[in-house]
Amino acid sequence: MAASPAVLLCLACAWLPALGGAAAGVEQAEAHLMFRSAFTPEECARIAQLFWERPPELDARTIPLLPNMEHDQFRVARVNRFDDGTLGSRGKLDFIFLRLAALLHGSHASPLLAVGGIDVDALRSVGASTDSIAAAARNLRARVAFTLLHEFTPRPGDPSPQFDWHADTKPGDGKARSLNVNVMLSAPGVDFEGGDLQVGSTRVAAQQGDMYLYPAAVVHRVAPILNGTRLTLVVALEDIAADGDGVVSDDGRSSLARRRELYWAHVEASYQRLATGPLANESKLHILHGEFLEGAGRNAEAHAAFCRAYAAMGEDAASAHARQFFSDGVSALQRPQGPDLHLAERYFSMAVCISPGLEDAADALSVVRDAILQVDAKSKTHGAREERDEL
């Protein structure tokens, strides 16, 4: 049974004294927004118990990366417990959204919230009444894509639980994901060791009861768990059309469209900063950047990002990959069914991109590109002749 409106308002009332100014324990970093001690240990146990009743879904896999990179795989090892709608529909999670709404109401406007479509100034303008907090909580619930419990527990014979570098959304994937809201339910150093969350280049040093938000499209990872059990609540928010978003401005875009442009611009800036700075030597960062660019339809830039992924592996490894791509290009030209010029061009191009000094690959690339131009020219001439014959 869902909690009554009166009960919900009482839950919100408990947090109203903090709403006169900035909420206590708020920390804003470049990559995330942290609300310290948002939940008590007892409330953390309550949340964990709610999801513990959901069926576990083991997610343990390795995903090959770019060609010839199979030895350096993307790894996932965790257990998920999803709310299938039962907890939400019965009001079991309402107190979480009331707490988040109250904390947001008491916080200052944040660029991270703005790119996620949360207008704190508008929220504060409606006042600090229990009615307004409850309304804000309902709006937040309407934006939830899913909620789940992440469990990371080492098991004999299993790979160390972790979630390697990844991004939860990218342009063109059909999702409306905006912000991840996490609550650390376990006590680091007590319940588990290891398992640090890193968002971009920032380590999120969350303690039990902390609530932290970060853009879902910004790269992040959970380091391997050494021992114990790490439990976190994950609430995935979407940026959805709200009142007024259907109104098209003079530039022909809706408010929602402008917010999404702001969101992707923020993520792109994060990739650029990381790729040329603190994560320049992290191959997976460049791969994810390439996938981001592919989703945005920027294929030439994506190719360059994938090239940087190989170069980031170090001079010797990069040189070996370049030679392998050169060999793959030669094989594409020697296929029994006939040469594949375009495949060879892609291989030689990657070899030259990774190692510009590989002269054999550069010469082969030039020859193949000339051959492609000649084939295309002959094809056009043949097509023109067929048109004349038809006349």
At 1.4 Å probe size, with no ligands or nucleic acids counted, give the accessible surface of residue 313 in Å², nearest ten.
-> 50
For residue 193 and residue 262 in one chain, what is 0.36 nm times their gap in residues minus the Cα-Cα distance, to one decimal in nm?
-> 21.1 nm
Of 93, 65, 373, the most mobile residue in a GNM of the chain (C-alpha springs, cutoff 10 Å) is 373
Helix 41-52: inclination vs the chain longest Cα principal axis, degrees, rounded to 10, gives 60
Among 200, 106, 157, whose mean-square fluctuation peaks in a Gaussian network model of the chain (Cα, cutoff 10 Å)?
-> 157
So what is the calculated 222 nm ellipticity per residue for the chain, using -39500 (n - 2.57) for each DSSP H run with n of 4 or more, over all residues, to the nearest 500 deg cm²/dmol?
-> -14000 deg cm²/dmol
FRET efficiency (residue 342, residue 68; Cβ distance; R0 25 Å; to 0.05) is 0.85
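Leaving out ligands and nucleic acids, note down the accessible area per residue over the chain with a 1.4 angstrom probe, in whole Å².
Working: 18660 Å² over 391 residues.
For the chain, the solvent-accessible area averages 48 Å² per residue.
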In degrees from 0 to 90, rounded to the nearest 10, what is the angle of the helix 283-295 Cα long axis to the longest principal axis of the chain?
-> 90
Compute the Kirkwood hydrodynamic radius of the chain, taking the inverse of the mean of 1/r over all pairs of distinct Cα atoms, and give it in Å to one decimal.
-> 23.9
Would you kindly find the accessible area of residue 62, with a 1.4 Å probe and non-protein molecules such as ligands, DNA and RNA excluded, rounding to the nearest 10 Å²?
-> 70
In degrees rounded to 10, the 0-90 angle between helix 255-275 Cα long axis and the longest Cα principal axis of the chain is 70
Post the alpha-carbon centroid distance, the range 327-376 to the range 20-98, in whole angstrom.
-> 46
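Once neighbouring chains are kept in place and the probe is 1.4 Å, which whole percent of the accessible area of the chain is contributed by carbon and sulfur? Don't skip to the answer; put the middle values down first.
On the way: 9920 of 18660 Å².
The value for the chain is 53 percent carbon and sulfur by accessible area.
Tell me the relative contact order for the chain as a rounded percent, counting alpha carbon contacts under 8 Å between residues six or more apart.
Details: 671 pairs, mean separation 58.2, N = 391.
Relative contact order, the chain: 15 percent.
Work out the FRET efficiency for residue 254 and residue 138 from their Cβ-Cβ distance, taking R0 = 25 Å, and round it to the nearest 0.05.
Details: r = 22 Å, r/R0 = 0.89.
According to the calculation, E is roughly 0.65.
From the square roots a ≥ b ≥ c of the eigenvalues of the alpha-carbon gyration tensor of the range 62-191, which class results: rounded (a/c under 1.5), prolate (a/b over b/c), or oblate? Before the final figure, lay out the partial values.
Values: a/c = 2.38, a/b = 1.74, b/c = 1.36.
Note, shape of the range 62-191 comes out prolate.
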Who wins for biggest fluctuation among 67, 56, 215 in a Gaussian network model of the chain, springs between alpha carbons below 10 Å?
-> 67
Order the following by accessible area, largest value first: 160, 186. Probe radius 1.4 Å; ligands, DNA and RNA are ignored.
-> 160, 186
What is the extension gain from residue 334 to residue 145, computed as 0.36 nm multiplied by their sequence separation minus the C-alpha to C-alpha distance, in nm to one decimal?
-> 63.1 nm
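The values are calculated or read from the model by the stated rules, or taken from the named source; none is laboratory data. Predicted model, so just to flag it, every value in this text is computed and none were measured. Neighbour counts are summed over all protein chains in view; Cβ atoms, including those assigned to glycine, are modelled from backbone coordinates with ideal geometry. SASA here: full protein model, heavy atoms, side chains in, ligands and nucleic acids out. Shrake-Rupley method; radii C 1.70, N 1.55, O 1.52, S 1.80 Å.
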